[in-house]
1. Between residue 88 and residue 56, what is 0.36 nm times their sequence separation minus the Cα-Cα distance? Round to one decimal in nm.
2. If you take the C-alpha gyration tensor of segment 1-131, multiply each eigenvalue by 5 and take the square root, what semi-axes do you get, largest first, in whole Å?
3. In debye to the nearest 20, how big a dipole does the chain give about its Cα centre with +1 on each Lys and Arg Cβ and -1 on each Asp and Glu Cβ?
4. Across segment 146-286, what fraction of all alpha-carbon pairs, as a whole percent, falls in each successive 10 Å bin from zero upward?
5. Roughly how many nanometres apart are two label points built 7 Å out from the Cα toward the Cβ at residue 2 and residue 118?
6. Cα-based Rg of segment 75-166 per 2.2 N^0.38 Å, rounded to two decimals?
7. Roughly how tilted is helix 196-206, in degrees to the nearest 10 and between 0 and 90, from the longest Cα axis of the chain?
8. Quick check on packing: order 233-243, 258-268 by the mean number of other C-beta atoms within 10 Å, highest mean leading.
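The values are calculated or read from the model by the stated rules, or taken from the named source; none is laboratory data. Remember, predicted model here, so these are calculated numbers, not experimental data. For neighbour counting, all protein chains shown are included, and Cβ atoms are generated from backbone atoms with ideal geometry for every residue, glycine included. Side chains included, ligands, DNA and RNA excluded: accessible areas come from the protein's heavy atoms. Shrake-Rupley method; radii C 1.70, N 1.55, O 1.52, S 1.80 Å.
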Amino acid sequence: MAATLTQRLQLKLPLWQAPMAGAATPRLAAAVSNAGGLGFLAGGMLSPEALLGEAAALRALSERPFGINLFVQPDEPEHDEARLARALERLAPLHAELGLPPPVAPARFCEPFSRQLEALIEARPQVASFTFGILDARQLSALRKAGIAVVGTATNLGEGLAWAELGADAVCAQGREAGGHRGTFLGPAEQSLRPMLSLVYELAQNLPLPVIAAGGIMNGRDMAAAMRHGAQACQLGTAFLRCPESAVSPAWRQGLAAAGGTRLTRAFSGRLARGLENDYMRRMAAWEADLPDYPAMNALSAPLRAAAAQAGRGEYLSMWAGEGVAAARELPAAELAARLHEEWLAAYR
Ligand SMILES: Cc1cc2nc3c(=O)[nH]c(=O)nc-3n(C[C@H](O)[C@H](O)[C@H](O)COP(=O)(O)O)c2cc1C
């Protein structure tokens, strides 16, 4: 029988800490990797220099395997000027409420993907995972040459098949429960909201690749259920958000502890994402369809979100979290990983 991903990566348990832009840190990833899981750095919003810095910081804390994640996007994504102007008008009163100067469009909306990918290859993690899009054959072969295993995110069967055809090493099945951005790149994101277990089962049945389950997995029993549906490993995000090693702001941390409802919104970034429901989502809901796409809207709302985090104003903050948030435990990451391990083993007894 072919070695499983867990064996190939020499992990003690099939636990992957989800890459989480704005929340994952080298300390968090190191704690999970040192506990025998796979820690991840979230490079999607980092400059190439910052990405290399995080990889070095992680290596200083752990010699175990780890992963780095990026958002696949054009180096200079297009945007609609008229929508952009309307979004600035809609953000203006919120800026005024927080005492900020009127919003303006920045010179650049995101870090150039091609340079991030070069930095990732230089950092040489054991695993690289990607969301929001798919690589081309040249990019895949550059990763292969560097000995880096490639994992693509899929929210539907078509995306899983596209990654398999490209030659990826594994696919991460992102169910509708998942916190953070939807990875959908084929078809409308609203049409790709399958519950995690059924998506995992469908991909495991139809792809010649290992499947990693993501979305709503909060304890070892959930992990065992995902694996019974065909997953080789489980990627948990929300479960790690309340760890002291995560970078969530105090207002976000409070929101997680209060564990209200989550909802999907485009209003913060222009891409569908799940987070704790708040005033900003409700106030912008009517205009969601008219906001610029990711990454333009993400860049436009960044100053508001940064100021809200500083001021402890959760009502203006993107507080990404998955449907399982009420079950997220406030524990150091190493202890959480150990509990998940015990629970996962117990689920098979
Ligand atoms: C705060 C947060 C940030 C996230 N950022 C990323 C990211 O940078 N890249 C990525 O591929 N997925 C990201 N995700 C999605 C996770 O990879 C994963 O799909 C999700 O956390 C799984 O669902 P769960 O949150 O219910 O465990 C993020 C999720 C959260 C909660």
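1. Difference between extended and current length: 7.7 nm.
2. 36, 16, 14
3. 740
4. Values per bin, smallest distances first: 12, 38, 34, 15, 1.
5. 3.4
6. 1.52
7. It is inclined by approximately 50 degrees.
8. Descending mean neighbour count gives 233-243, 258-268.
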